[in-house]
Amino acid sequence: MRYAMAIDTKKCVGCSDCVVACQTENNVPIGFCRDWVTETVDGTYPNVNIELRSERCNHCDNSPCVRCCPTGASHFEDGGIVLVTHNKCIGCGACIESCPYEARYSHPDGYVDKCTFCIHRVRKGENPACVSVCPTSCMYFGDLDDPNSEIVNVLKNRKFNALAPEAGTKPNIFYLT
Amino acid sequence: MKEELFVSGRNIPNIDPYLHIWHWQIPIYLFLGGLAAGILFLAAVYTILGKDKEMQATVKWAPFIVPFALIIGLFMLFLDLKHKLYFWQLYTTIRLESPMGWGAWVLMIMTPISIIWSASYVREVFPNWDWKFKFLYAFEAWVIKNRWYIAWPMAIYAVILGIYTGILLSAFNARPLWNTTILGPLFLVSGMSTGAASIILMSKNHEERRLIGRLDLLFIAVELFFIVHMIMGFLAGSQVQIDAANLFLGGEFTVPFFVFVILLGLLLPAVLETLELIGFKVPIIIPAILVLLGGLIFRFIMVEAGQVTRYLY
Ligand code: SF4
Ligand code: SF4
């Protein structure tokens with residue numbers, strides 16, 4: 001099992017519902033977020049291309065955050081989901097420094113927090129909150145090892161890229177372009 | 001033209017617009033670690049060479065700073081943890097992949113070694129010192145007899161500790177300014193140099209000061225060479241690394257870096273030490289203090305500037 005997400009940048013309208021859904025679902029403290037939306041504007045008028053991306057932890061295959069954690073608080077769960085065990089985390093910040101996507105933050109309670117792919121929902125067979133709330137249905141969540149899954153299908157038929165692949169982390173969020 | 005902006009979500013304290021996760025404690029931790037490594041290495045080497053009579057400050061007096069430096073260093077690390085009550089878990093896990101983890105262990109091993117080393121000289125400083133227990137006297141006698149053998153692992157551990165202070169930063173691929181293998185050797189020589197400077201400050205023997213001063217000149221030369229090498233490496237690297245080098249070459253850290261680190265921390269002390277060597281009267285404490293301050297500021301700048309460099313946004 002290898003969980004991943006594909007996000008259609010052509011369908012995303014930047015409404016930020018995913019951000020709010022995550023904050024509500026996961027009780028993210030005010031002023032913090034586990035996912036966010038960026039807009040990249042490329043070119044000059046009239047030849048402009050705008051790309052909207054909903055971003056979050058990439059649950060990297062080669063994750064520096066798991067490697068550098070001195071206590072093993074950052075670890076892999078089933079399906080390659082990268083998780084932080086809160087009461088094992090000492091808040092040293094090494095993992096925050098190590099993430100090229102700036103996907104982690106220091107929770108006011110001291111431990112480090114980030115996207116969990118809503119593992120509590122995924123284990124029940126549901127989609128992550130951000131995916132299920134998206135009004136344009138532009139996100140696909142699923143198992144890359146299952147050849148019949150929607151995500152494998154969409155990645156087969158569309159062009160996609162990942163963020164900062166040169167950082168060598170093997171990210172698992174794909175942006176359909 | 002390409003422009004990137006956040007539509008929503010991101011304005012997280014200490015993450016945006018750039019990281020500020022490691023604060024002033026970490027550069028002090030790295031500085032004290034390097035200083036301790038420098039002193040212990042020189043103490044061990046001159047013990048191995050059988051020069052402990054001539055090099056009193058190097059072998060005996062300066063190592064007294066080390067246990068304090070290491071304990072304060074560890075305390076600094078502790079201060080910068082955000083989940084402090086869980087600190088002990090650093091020492092219930094061994095994860096060799098994590099520089100933070102094995103560094104904490106190296107310090108844990110270094111501290112008792114340095115305490116034992118200094119303790120074996122305590123009665124030379126305070127002749128009235130009483131160990132109270134018989135077995136402590138026996139242990140002291142054993143240490144004194146075997147100093148030469150203890151010096152070997154101590155020298156090796158000192159080098160590991162010195163290199164570690166650089167690796168703690170260089171292991172992070174996500175911070176392009178830190179992500180260079182030269183940082184380990186660079187922080188090691190810089191640590192040696194600050195160690196030598198503190199020995200110079202403590203030594204009363206003119207010959208010893210001259211010898212350590214000459215060594216320090218060598219350390220400074222190597223350090224300058226490594227710094228040039230590091231910046232050249234960045235300029236020949238990928239875009240994020242070129243951007244990192246440009247922080248020092250016209251960017252926001254240019255003035256502090258060149259004025260405090262290169263000029264006042266390396267070149268000026270090198271000139272003063274050379275003048276002293278060829279016979280001019282220079283109060284030797286001036287270059288020594290400059291080297292120490294330069295080393296400290298260098299670590300502050302590296303930790304701050306590294307957190308400004310990133311891949312995205
Ligand atoms: S995106 Fe960052 S936090 Fe998430 S797995 Fe990759 S390196 Fe770790
Ligand atoms: S802050 Fe917590 S999760 Fe991150 S590396 Fe340190 S102990 Fe591990």
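The values are calculated or read from the model by the stated rules, or taken from the named source; none is laboratory data. Just so you know, these numbers come straight off a predicted model, no measurement behind them. Positions of Cβ are generated from backbone atoms using ideal geometry, with glycine treated the same way; all protein chains shown enter the neighbour counts. Each accessible area value is taken on the protein alone, full model and side chains, heavy atoms only, with ligands, DNA and RNA left out. Shrake-Rupley method; radii C 1.70, N 1.55, O 1.52, S 1.80 Å.
Screening the candidates A:A167, A:A162, A:A103 for the property of being within 16 Å of ligand 1 (Cβ to nearest atom) and surrounded by fewer than 18 Cβ atoms within 10 Å (Cβ to Cβ) yields one hit, A:A162. Could you look through segment B:18-28, keep only residues that are part of a helix (DSSP H, G or I) and more than 11 Å from chain A (Cβ to nearest Cβ), and pick out the one that is most open to solvent (accessible area, probe 1.4 Å)? Result: B:I28.
Within segment B:42-56, the set of residues being hydrophobic (A, V, I, L, M, F, W, C) and either assigned to a loop (DSSP other than H, G, I, E, B) or surrounded by 24 or more Cβ atoms within 10 Å (Cβ to Cβ) (or both) comprises B:L42, B:A43, B:A44, B:L49, B:M55. The numbered conditions (1) touching a residue at least 12 places away in the same chain (Cβ under 8 Å); (2) out of contact with any helix residue (DSSP H, G or I) (no Cβ under 8 Å at 6 or more places or on another chain) are all true for B:F75 except (1). Of all the criteria given as (1) part of a loop (DSSP other than H, G, I, E, B); (2) open to solvent by 10 Å² or more (accessible area, probe 1.4 Å); (3) within 15 Å of ligand 1 (Cβ to nearest atom); (4) among the charged types (D, E, K, R), the one not satisfied by A:D145 is (3).
Name the residue, out of B:I15, B:I39, that is open to solvent by less than 20 Å² (accessible area, probe 1.4 Å) and assigned to a loop (DSSP other than H, G, I, E, B). Before the answer, list the steps.
On the way: B:I39 fails: assigned to a loop (DSSP other than H, G, I, E, B).
Sole residue among the options that is open to solvent by less than 20 Å² (accessible area, probe 1.4 Å) and assigned to a loop (DSSP other than H, G, I, E, B): B:I15.
Scanning segment B:155-170 for residues being surrounded by fewer than 24 Cβ atoms within 10 Å (Cβ to Cβ) and either in a loop (DSSP other than H, G, I, E, B) or more than 14 Å from chain A (Cβ to nearest Cβ) (or both) gives a total of 6. For segment A:79-124, the set of residues classified as among the polar types (S, T, N, Q) and farther than 23 Å from B:L77 by Cα consists of A:T116 only.
Return the total of residues in segment B:263-300 being buried (at least 18 other Cβ atoms within 10 Å of the Cβ) and either in a helix (DSSP H, G or I) or free of Cβ contacts under 8 Å to residues at least 60 places away in the same chain (or both).
Taking segment B:263-300 and keeping what is buried (at least 18 other Cβ atoms within 10 Å of the Cβ), we get B:265-266, B:269-270, B:272-273, B:276, B:284, B:287-288, B:290-292, B:294-300.
With the extra rule that they be either in a helix (DSSP H, G or I) or free of Cβ contacts under 8 Å to residues at least 60 places away in the same chain (or both), the set shrinks to B:265-266, B:269-270, B:272-273, B:276, B:287-288, B:290-292, B:294-300.
Result for segment B:263-300: 19.
Candidates A:G110, A:G125: the one that is at positive phi, more than 14 Å from every other protein chain (Cβ to nearest Cβ) and small (G, A, S) is A:G125. The residues in segment A:76-100 that are facing chain B (nearest Cβ under 7 Å), touching a helix residue (DSSP H, G or I) at 6+ places or on another chain (Cβ under 8 Å) and more than 9 Å from ligand 1 (Cβ to nearest atom) can be counted, and the count is 8.
Screening A:T136, A:T71 for residues that are away from ligand 1 (no atom under 11 Å from the Cβ), β-branched (V, I, T) and within 14 Å of chain B (Cβ to nearest Cβ) leaves exactly one candidate, A:T71.
Scan segment B:295-313 for residues that are more than 11 Å from chain A (Cβ to nearest Cβ) and over 14 Å from B:I15 (Cβ atoms) and jot them down. Matches in segment B:295-313: B:G295, B:L296, B:I297, B:F298, B:R299, B:F300, B:I301, B:M302, B:E304, B:A305.
Could you give me the residue pairs with C-beta distances under 7 Å whose first residue belongs to segment A:147-170 and is more than 14 Å from every other protein chain (Cβ to nearest Cβ), whose second residue is among the aromatic types (F, W, Y) wherever it lies, and which are 6+ apart or on separate chains? Hits for this filter: A:E150/A:Y140; A:I151/A:Y140; A:I151/A:F141; A:V154/A:Y140; A:L155/A:F174; A:F160/A:F174; A:F160/A:Y175.
Here is a yes/no grid of residues against (1) away from every other protein chain (no Cβ under 14 Å); (2) assigned to a helix (DSSP H, G or I); (3) open to solvent by 10 Å² or more (accessible area, probe 1.4 Å):
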residue: B:R95; (1), (2), (3): no, no, yes
residue: B:M100; (1), (2), (3): no, yes, no
residue: B:L107; (1), (2), (3): no, yes, no
residue: B:I113; (1), (2), (3): yes, yes, yes
residue: B:E124; (1), (2), (3): yes, yes, yes
residue: B:N128; (1), (2), (3): yes, no, yes
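Only one residue in A:A94, A:A103 is of a type in the set (A, V, I, L, M) and under 14 Å from the mean Cα position of the chain (by Cα), so which one is that? Working first, answer last.
Numbers: A:A94 fails: under 14 Å from the mean Cα position of the chain (by Cα).
Only one candidate passes the filter, namely A:A103.
Within segment A:20-42, the set of residues being at the interface with chain B (Cβ under 7 Å from one of its Cβ atoms) and either surrounded by fewer than 14 Cβ atoms within 10 Å (Cβ to Cβ) or of a type in the set (D, E) (or both) comprises A:G31, A:D35, A:E39, A:D42.
In the set (1) in a helix (DSSP H, G or I); (2) in contact (Cβ under 8 Å) with a residue 24 or more places away in the chain; (3) within 12 Å of another protein chain (Cβ to nearest Cβ), B:Q89 fails one condition alone, (2). If you go through segment B:176-192 one residue at a time, do you hit one that is open to solvent by less than 30 Å² (accessible area, probe 1.4 Å), closer than 30 Å to A:Y101 by Cβ, within 16 Å of ligand 2 (Cβ to nearest atom) and in contact (Cβ under 8 Å) with a residue 24 or more places away in the chain? So far as segment B:176-192 goes, yes, one or more of its residues are open to solvent by less than 30 Å² (accessible area, probe 1.4 Å), closer than 30 Å to A:Y101 by Cβ, within 16 Å of ligand 2 (Cβ to nearest atom) and in contact (Cβ under 8 Å) with a residue 24 or more places away in the chain.
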